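Visitor: One structure, as structure tokens, below. Some questions next.
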Amino acid sequence: MRLKFCGSVYGRARSRVAGLALLAACCVLSAWPVARAQSGVDAIVVDAREAFRQKDRERLAAASVVANAARHPLAMWVDYWELNNRLAEAQQADLDAFYARWSGTYVEDRLRNDWLLELGRRHDWAHFAIDYPRFRMNDDREVSCYALLTRHLDGQDVADAARAAWFAQRDADDGCALLAATLVEAKRFTTADIWRRARLSIDAGRPRAARQAAELISPSTATSVQELIDNPARFLTRKSLPTGRPSAELATLAIIRMAGNDPDAAAGMLASQWERKLPTDLAAWAWGAVAKQAALKLLPDAPDHYQRAALLASRNGQTLDWPADNLAWKARAALRANNGRGRWQQVVQAIDAMSADEQRDPAWVYWKARALKALAGDSQDGETLRTQSREMLASIAGTLNFYGALAADQLDQPLALPPRPQPLTAEEREAAALHPGLVRALQLISLDLRNEGVREWNYSLRGMSDRELLAAAQLACEREVWDRCINTSERTRAEVDIEQRFPTPFRAELTARASEIGLDPAYVYGLIRQESRFVADARSHVGAAGLMQIMPATARWTAKKIGLDYTPGQISERSTNLKLGTGYLKLVLDSFEGSQAMAAAAYNAGPNRPRKWRDGPWLETAVWAENIPFNETRDYVKKVLHNASLYAAVLTGEAPSLKSRLGRMIGPRDVSAPEPDQDLP
């Protein structure tokens, strides 16, 4: 019977090579007992993913036939890889057949995303217009730009939405570039729009996008932009620089580019000549860009540069239309100003200039409330400001984030964990266990296809109620898929299960190891939760491995330092990784005099960076953390500290306290203190 099936599979192959591959695969499966056949097809799925990576059409075609013939629950993924691999030659009928076969699944919508991009590249707007409304995730910016283009071609006014999408584009891509070029040609985008896009791109460190924008003006403009990208100082000092607005725009771009490497040199250029030569709006923009780069380098004159930009803009009654990250750095620089005492009025000005959504961010709610409280002492409206400050703090106090905890502390409110939800019913648990998307996700993860499994899982969570999310999270917890357990539980709103959100895997081993070397177990848990979400075989794009995400070189150094018998193959073993990670964390913590904030920053970004970041004025720890220049590390430090405060409550049953983890203020190292270990990696 099996041989007859294999013969039919061979007959359905597209070529003799594919047929032989199918026949070989089928014979392998036929040789397995029925009880083991499923794992044999699992191997086909894994091989198909590798074939997709290698763009091997024949293997993909073979795998598709076998997986479908075996009715494997992951056959849809094999079909997805097979069709995606030949998408450039596919026709709409191929996609329609796939959509019909796998209707309602993640891969249907994922392939629709890929196909919409392909249709955009083909300029097939008729099929794009039909398929786009069915795109459920709708989370691809380039697809959104193509969609706006189709609406424009249909006669709709999309200029404002298109401008916002183009300005928000992170990198140069075909969809948003084509949208911009079309609207420029239609005179819906102006030259001023193009120059603003170029300034935003240079300011964000995306030179390719800046040059792409400049091409919309002229090839010679794009050439000039490339010259100033390559050497901004030389560009600014050349004698043949033309006059007029284009010249001023190019000079502004050069100053912004220079500021990225040397904000002091750029400030000198502005102060000595270019502020007078540039139109007021561009001079203000340039000072703002210089100020941001100075703030990123924690230079003390950043607030003065921001003030100079504001004064220039006010001369002509102009409003500074800066990007969101520039306003954020204006607020951060103001927090550090006046030798750590802060320029609270400037903090308020920066936050008030943000969009409504940005102002609702708990960080800016907290810092504006602190600013109003500080300003109240010298104001005739002091009581009004204090009342407003208390109301803002109360609006976030107790929420499960870093600033919610800080706000509660400012109000002298004790932090209390939310009540545990009612236990899940048998029906709720069964619904999660039988959910097709969740089942497929867990299968993919078990086959070490974690990226695919995570995407399948997240797609399956769409539209779930709190109770359904809790059930899905519990399913992941019980399968020890800890990242899905945590991330799923974090999606609930009204019902919060702290033990799901902050699980304690390997509790006996971890607490014993932490106690052995004098580490707080809650701090270790808080760090691992942020590093790997307790995925023991996690590996980052830079090579960090295991629960505590140790780099191979750091593992070797730490093993030698703590006297651990170690070979590189042990790096992802749970016990070894815990010993290496906690050993290294202890060394880092001791190097930073017990500061959990600085140690967390060092664990994430290396010890040399927080050694530099601590120089300057003495700052309260929250201000210091807010001014960490790296987005990832700034977020990491806040989350590790907040995680640790909640883990302490889970482990001890006591009320959580973030304040105790912030410790003393952070500033330069005491010169009388022992020198830190300069070999610490």
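The values are calculated or read from the model by the stated rules, or taken from the named source; none is laboratory data. Treat the numbers as computed from the prediction; the structure is a model and nothing was measured. Cβ coordinates were reconstructed from backbone atoms using ideal geometry, including for glycine residues, and neighbour counts include every protein chain displayed. For accessibility, only protein heavy atoms count, side chains too; no ligands or nucleic acids. Shrake-Rupley method; radii C 1.70, N 1.55, O 1.52, S 1.80 Å.
Visitor: May I ask you to verify whether Gly437 is open to solvent by less than 50 Å² (accessible area, probe 1.4 Å), part of a helix (DSSP H, G or I), of a type outside the set (Ser, Thr, Tyr) and farther than 24 Å from Glu620 by Cα?
Guide: Values: open to solvent by less than 50 Å² (accessible area, probe 1.4 Å): yes; part of a helix (DSSP H, G or I): yes; of a type outside the set (Ser, Thr, Tyr): yes; farther than 24 Å from Glu620 by Cα: yes.
Here the answer is yes, as Gly437 does meet what is asked.
Visitor: If you scan the stretch 332-391, which residues turn out to be within 25 Å of Leu299 (Cα to Cα) and part of a loop (DSSP other than H, G, I, E, B)?
Guide: Correct list: Ala337, Arg341, Gly342, Arg343, Ala353, Met354.
Visitor: Just the residues that are basic (Lys, Arg) and crowded, with 21+ Cβ neighbours inside 10 Å, please, taken from the stretch 615-639. Spell out the reasoning first.
Guide: First, the residues of the stretch 615-639 that are basic (Lys, Arg): 634, 638-639.
Scanning the stretch 615-639 gives a single hit, Lys638.
Visitor: Please specify each residue of the stretch 513-541 satisfying the condition of being farther than 17 Å from Glu573 by Cα, free of Cβ contacts under 8 Å to residues at least 24 places away in the same chain and small (Gly, Ala, Ser).
Guide: Within the stretch 513-541, just Ser515 meets the criteria.
Visitor: Would you point out the residue of the stretch 400-415, among those that are of a type in the set (A, V, I, L, M, F, W, C) and part of a loop (DSSP other than H, G, I, E, B), that is surrounded by the most Cβ atoms within 10 Å (Cβ to Cβ)? Break it down into steps so the answer makes sense when it comes.
Guide: Filtering the stretch 400-415 for residues of a type in the set (A, V, I, L, M, F, W, C) gives 400, 402, 405-408, 411, 415.
From the residues that got through so far, the ones that are part of a loop (DSSP other than H, G, I, E, B) too are 400, 411, 415.
On the way: Leu400: 17, Leu411: 14, Leu415: 19.
For the stretch 400-415, the residue satisfying everything is Leu415.
Visitor: Continuing with the same structure: Being charged (D, E, K, R) and in contact (Cβ under 8 Å) with a residue 40 or more places away in the chain, is that true of even one residue in the stretch 555-578?
Guide: Narrowing the stretch 555-578 to residues charged (D, E, K, R): 556, 560-561, 565, 573-574.
In the following step, the residues that additionally are in contact (Cβ under 8 Å) with a residue 40 or more places away in the chain were identified as 574.
Yes, that holds for at least one residue.
Visitor: All but one of (1) more than 25 Å from Arg245 (Cβ to Cβ); (2) open to solvent by less than 50 Å² (accessible area, probe 1.4 Å); (3) assigned to a helix (DSSP H, G or I); (4) of a type in the set (A, V, I, L, M) hold for Ala162; state the number of the condition that does not hold.
Guide: With respect to (1) more than 25 Å from Arg245 (Cβ to Cβ); (2) open to solvent by less than 50 Å² (accessible area, probe 1.4 Å); (3) assigned to a helix (DSSP H, G or I); (4) of a type in the set (A, V, I, L, M), Ala162 is out only on (1).
Visitor: Quick check on this structure: which one of Arg420, Arg429, Arg390, Arg370 is surrounded by 19 or more Cβ atoms within 10 Å (Cβ to Cβ), touching a residue at least 12 places away in the same chain (Cβ under 8 Å) and among the basic types (Lys, Arg)? Explain how you work it out, then say what you get.
Guide: Values: Arg420 fails: surrounded by 19 or more Cβ atoms within 10 Å (Cβ to Cβ); Arg429 fails: surrounded by 19 or more Cβ atoms within 10 Å (Cβ to Cβ); Arg390 fails: surrounded by 19 or more Cβ atoms within 10 Å (Cβ to Cβ).
Every option except Arg370 fails the conditions.
Visitor: Any residue in the stretch 448-461 that is more than 13 Å from Val107 (Cβ to Cβ) sitting within a Cβ distance under 9 Å of a residue that is modelled with pLDDT under 95 and open to solvent by 50 Å² or more (accessible area, probe 1.4 Å)? List the pairs, counting only those 6 or more apart or interchain.
Guide: Once the first residue is more than 13 Å from Val107 (Cβ to Cβ) and sits in the stretch 448-461, its partners that are modelled with pLDDT under 95 and open to solvent by 50 Å² or more (accessible area, probe 1.4 Å) give Asp448/Asp537; Arg450/Asp537.
Visitor: If you take the residues in the stretch 508-529 that are open to solvent by 40 Å² or more (accessible area, probe 1.4 Å) and small (Gly, Ala, Ser), which one is nearest to Gly453 (Cα to Cα)?
Guide: Ala508
Visitor: Sort out for me the helices (runs of 4 or more DSSP H) sitting completely within the stretch 74-156 that have 1 or more residues that are open to solvent by less than 10 Å² (accessible area, probe 1.4 Å), in contact with a strand residue (DSSP E or B) (Cβ under 7 Å, 6 or more places away or on another chain) and not charged (D, E, K, R). Lay out the reasoning, then the answer.
Guide: On the way: elements: 75-85, 92-101, 106-122, 125-131, 141-153.
Per the criteria, no element qualifies.
Visitor: Now for a separate question. Go through Ser672, Ser660, Ser645 for me and flag whichever is modelled with pLDDT under 95 and assigned to a helix (DSSP H, G or I).
Guide: Numbers: Ser672 fails: assigned to a helix (DSSP H, G or I); Ser645 fails: modelled with pLDDT under 95.
None of the other options fit; the residue is Ser660.
Visitor: Can you tell me how many residues within the stretch 530-545 are at pLDDT 95 or above and either open to solvent by 20 Å² or more (accessible area, probe 1.4 Å) or under 18 Å from Thr558 (Cβ atoms) (or both)?
Guide: Going through the stretch 530-545 one residue at a time, the tally reaches 4.
Visitor: Ser572 is checked against (1) out of contact with any strand residue (DSSP E or B) (no Cβ under 7 Å at 6 or more places or on another chain); (2) surrounded by fewer than 19 Cβ atoms within 10 Å (Cβ to Cβ); (3) within 21 Å of Arg450 (Cβ to Cβ) and fails just one. What number does that condition carry?
Guide: That leaves (1) as the condition not met.
Visitor: Is it the case that Leu183 is buried (at least 18 other Cβ atoms within 10 Å of the Cβ), at pLDDT 95 or above and either in contact with a Phe, Trp or Tyr (Cβ under 6 Å, 6 or more places away or on another chain) or over 30 Å from Arg257 (Cα atoms) (or both)? Steps first, answer last, please.
Guide: Working: buried (at least 18 other Cβ atoms within 10 Å of the Cβ): yes; at pLDDT 95 or above: yes; either in contact with a Phe, Trp or Tyr (Cβ under 6 Å, 6 or more places away or on another chain) or over 30 Å from Arg257 (Cα atoms) (or both): yes.
For Leu183, the condition - buried (at least 18 other Cβ atoms within 10 Å of the Cβ), at pLDDT 95 or above and either in contact with a Phe, Trp or Tyr (Cβ under 6 Å, 6 or more places away or on another chain) or over 30 Å from Arg257 (Cα atoms) (or both) - is met.
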